[in-house]
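First the structure, in the form of structure tokens, and then the observations on it.
The values are calculated or read from the model by the stated rules, or taken from the named source; none is laboratory data. Just so it is clear, the model here is predicted, and its values are computed rather than measured. Please note: Cβ atoms are built from the backbone with ideal geometry, for glycine as well, and neighbour counts cover all protein chains shown. All accessible areas refer to the heavy atoms of the entire protein, side chains included, with ligands and DNA or RNA removed. Shrake-Rupley method; radii C 1.70, N 1.55, O 1.52, S 1.80 Å.
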Amino acid sequence: MAEIEGEKIVPVNIEEIMKSSYIDYSMSVIVSRALPDVRDGLKPVHRRVLFGMSGLGLASNTQHKKSARIVGEVLGKYHPHGDSSVYYTMVRMAQWWVMRYMMVDGQGNFGSPDGDSPAAMRYTEARLRKIAEEMLLDIDKNTVNFTANFDDSLEEPTVLPAKIPMLLVNGSSGIAVGMATNMPPHNLGEVVNGICAYIENHDITTDELMQHIKGPDFPTGGTIYGVQGIKEAYETGRGRVVTRAKTEIEVGESGRETIVVNELPYMVSPDELVKKIAYLAEEKIVEGISYVNNESTTTTRVVIKLKKDAVANVVLNHLYKHTEMQSSFSINSIALVDGRPRQLSLKEQIKYFVRHRHEVVVRRAKFDLAKAEERLHILEGLLKAIDHIDEVIAIIRGSKTPDEAMQGLMTRFQLSDLQARAIVDMRLRALTGLERDKLQAEFDELTALAAKLKEFLASEELQMALIKEELIDVKARFDDGRKTDIVLTAEEFNPEDFYANDEVVITISHMGYIKRTALSEYRTQSRGGVGAKGAATRDADFIEHIFVATMHNTMLFFTEKGRCYWLKVYEIPEGDKTTKGRAIQNVINLEPEDKVKAYINVTTLQDNDYINNNYIVLCTKRGIVKKTVLEQYSRPRQNGVNAITIKDGDQLLEAKLTNGSNEIILAARNGKALRFNEEKVRSIGRTGAGVRGISIEDTDEVIGMVCVTDSKSEILVVSENGYGKRSDLDDYRVTNRGGKGVKTLNITEKTGSLIAIKDVTNENDLMIINKSGITIRVPVEDIRLSGRVAQGVKLINLRGSDAIAAVAKVNKSEEEETPVTTEGGETPVTETTQE
């Protein structure tokens, strides 16, 4: 230790000094700036603003006063920080989109939900609202402790009496050192009901409290999705609440839809939302939007006009995903309890508020009792003086000074100093009989009040009853109903919500390219037309599978090796008629050298009745048939599952969804078909090998399977050279499985081998696609009804060595038939053959 000019230098450890200083700073921020007190729900700056405004006499029924005057009052007396911190605190307490229950009545420009700044404090005026007066009520009755202000010249309250549970009602947010708080606002009426329930039963559970306090209630409204996050926050102090905007869908005269946003999630700016939506529409991240505008005034109104073909619900769900029309509020309930930060459950917040109110009403009662007893003491002396007025006057007249008179009265009548002073100060009018009666009435009234207060102070039951009574009164005067709706079941994003449930055509090429195309892109043509140019395929590739589904369906893909894969239709890459699609290996996890050979279009895999009463029937090229209940396929796996055990030299050909009592028709390339009842095939597990369905030669193979569900259906067969015909179902007699079948088409060199078999009605169209990619759509009713052994009619003109690759039936097109000319300009002709 050394001395320099009389001063001492003390060596210290800088690490210890930094640690100590940082802890002091941290606690200062935590206690004196960032965190609210659990009792009144206010941070120091909020408390000082309200107390300062009260000191200026700015009650709800007085004139507004300049904000600069208020800020000066608070800065000069209680809050030695920047003026902007005080002004913006007061401004926030006057903004309807920030505070669930505004505490300041502002006059002038106090900003907007779009983020506009308020006018300067010299231009605006303010006063307290009635609800803020309830926070300050009885502060002059020794209900709370006071402490010296920053320069010890004045005193300020350490907490407000707070008749209203403001921490729950208006919430709070703040960032301290090493911790933060983010507490949502609630509905006053619900909170009061919850507190009353707690007072009646201190062992109340969170679930029971939630019967009264449903969840957060934001000033801007919106809809909360799910109660699980709310319950977690109420139980632990931490949770996450998802809020969506409230919208309406309006339909104009032209049929166009308009989305109108009426309420937004908490603290979401309508102006910023509009900019975001405009950007998403411009970048085509969200399609279908033609116009967006912010028409908000004192209420929220954002208008989103859609394009003519856009589906409002689809666009809306995209907006929920990509914008703040859906946002989350992370609840972190940290507040000061006895000067220390604590994470609080809902019940704890209520408990500490009730404890605070209990202390306030007790201290208020003690104050009122002390005042009553003090006044009773004086009244007792005055009444005694009036009863002996002549003697009192004589003592006063005989005294040289007031002090001598007081001493004489105290000695003569055994009075206290206060009583003697009151008698000396008594006016002559008190000697009248009327004044005597008034004093006696006041004495009797105060005696009764003192007795009542003593009874109140001796009974905790009466104290709690008074707290409830005052809360119910507050609820009656300020409750305004819930603004934020709550959906009881949490709804995770369902990808189906982003796609309209439209019909699409799904095509798979021979080399494994898959795509989906809107069904409306395909036009109907007359029978015998050459067709329109369809999918562009690579050299030596051709479209092998073509079928119709809806966007929300689940597709089950079956490969030639007997494996099954799942895929939602909306997950299939989209393309127009001229695109080749995407390699299916990039869409599902196919094994090497495996190919998709069959599919099943399933509406849902979630309905137990449905999946336990429907079956999947598989058949192979060697005529093996297998039946398995759909429930076995109801649990999708990314890498697929085994559907059937395939023997060497065989491969899976078809898969059909049945109800267990259908009739099955198997057709072979040689033109024979076999019809038998599905009940002849026993249901077995997924990995079984199946049973023989039709007997064929070693050089032959099965080309298709039909599961007949409608007795009115007709059987349509098509050969590879473009010939086809319809026959009555009854032309195919029912036999046992395992037979060789009967002739279904007269196979010749001209017709070529059988390529497809379908069950159809007049309500179907036939889509035919050949190996060169040409497609044609033919109404089934245009195809002649013929006998089972007939050769049929020419369905499509084939060039050179081209041949039909695939055939699918679709629902009848609503469009008019549109003949298409050939590339050489010739009009297609209908070509028929002799039967």
Grab the Cα-Cα distance for T447 and A689, subtract it from 0.36 nm times how many residues apart they are, and report the gain in nm with one decimal. 77.1 nm
Near-label residues of segment 75-109 by backbone N, under 19 Å of a point 7 Å along Cα→Cβ of A68: 75-77, 81-91, 106-109
On the accessible surface of segment 178-269, probed at 1.4 Å with all protein chains in place, carbon and sulfur together account for a percent value of 42
For H377 and E679, calculate 0.36 nm times their separation in residues minus their Cα-Cα distance, and state this gained length in nm to one decimal. 98.3 nm
About its Cα centre, how strong a charge dipole does the chain have in debye, to the nearest 20, once Lys and Arg get +1 and Asp and Glu get -1 at the Cβ? 1800
With the cut-off at 1.5 for a/c, could you classify segment 572-724 from its C-alpha gyration tensor as rounded, prolate or oblate? rounded
Roughly how many whole Å is it from the C-alpha centroid of segment 618-663 to that of segment 109-138? 71
Over 20 Å (Cα to Cα) - which of K595/K725; K515/K809; K141/K351; K627/K812; K621/K725 fall in this group: K595/K725; K141/K351; K627/K812; K621/K725
Can you tally the lysine pairs in segment 1-105 where the Cα-Cα distance is under 24 Å and the two residues are eight or more apart, or on different chains? 6
Going by average Cβ density within 10 Å per residue, which order do the peptides 572-581, 443-452 take, highest to lowest? 572-581, 443-452
Net charge near S26, counting Lys/Arg +1 and Asp/Glu -1 over other residues with Cβ under 13 Å of its Cβ? +2
In nanometres, the difference between 0.36 nm per residue of separation and the alpha-carbon distance of E348 and H81 is 92.9 nm
Highest first, please rank the peptides 199-208, 736-745, 761-770, 292-301 by the mean number of other Cβ atoms sitting within 10 Å of their residues. 761-770, 736-745, 292-301, 199-208
What size of dipole, in debye to the nearest 20, comes out for segment 624-701 about its Cα centre when the only charges are +1 on Lys and Arg C-beta atoms and -1 on Asp and Glu C-beta atoms? 340
Using a Förster distance of 56 Å, how high is the FRET efficiency between A180 and R427, based on the Cβ-Cβ distance and rounded to 0.05? 0.35
Under 1.5 on a/c is rounded, so check that first for segment 622-707, then, if it is not, pick prolate when a/b is larger than b/c and oblate when it is not; a ≥ b ≥ c are the square roots of the alpha carbon gyration tensor eigenvalues. oblate
By DSSP, what percent of the beta bridges with both residues in the chain are antiparallel, rounded to the nearest 5? 95
Give the span of segment 372-507's Cα atoms along each principal axis, as three whole-Å numbers ordered largest to smallest. 124, 28, 27
Segment 276-415 - Rg (one decimal) and Dmax (whole number), Cα, Å: 37.7, 108
Largest first and rounded to whole Å, the semi-axes √(5λ) derived from the alpha carbon gyration tensor of segment 1-124 read 40, 17, 14
How would segment 95-198 be classified by its alpha-carbon gyration tensor: rounded, prolate or oblate, with rounded meaning a/c under 1.5 and the a/b versus b/c comparison settling the rest? rounded
Result for the chain: accessible area per residue, probe 1.4 angstrom, in square angstrom, of 48
Round to the nearest 0.05 the FRET efficiency obtained for R33 and V251 when R0 = 51 Å and r is the Cβ-Cβ distance. 0.45
Once you compute Rg and the Kirkwood Rh from C-alpha atoms, what is the Rg to Rh ratio for segment 115-170? 1.08
If you put +1 on each Lys and Arg Cβ and -1 on each Asp and Glu Cβ, how big is the dipole of segment 232-391 around its Cα centre, in Debye rounded to 20? 680
In whole Å, largest first, the alpha carbons of the chain cover along the principal axes 152, 73, 60
Cα-based Rg and Dmax for segment 549-601, in Å, come out at 11.3, 31
For peptides 480-486, 161-167, 341-347, 144-150, sequence by mean Cβ density within 10 Å, most packed first: 161-167, 341-347, 480-486, 144-150
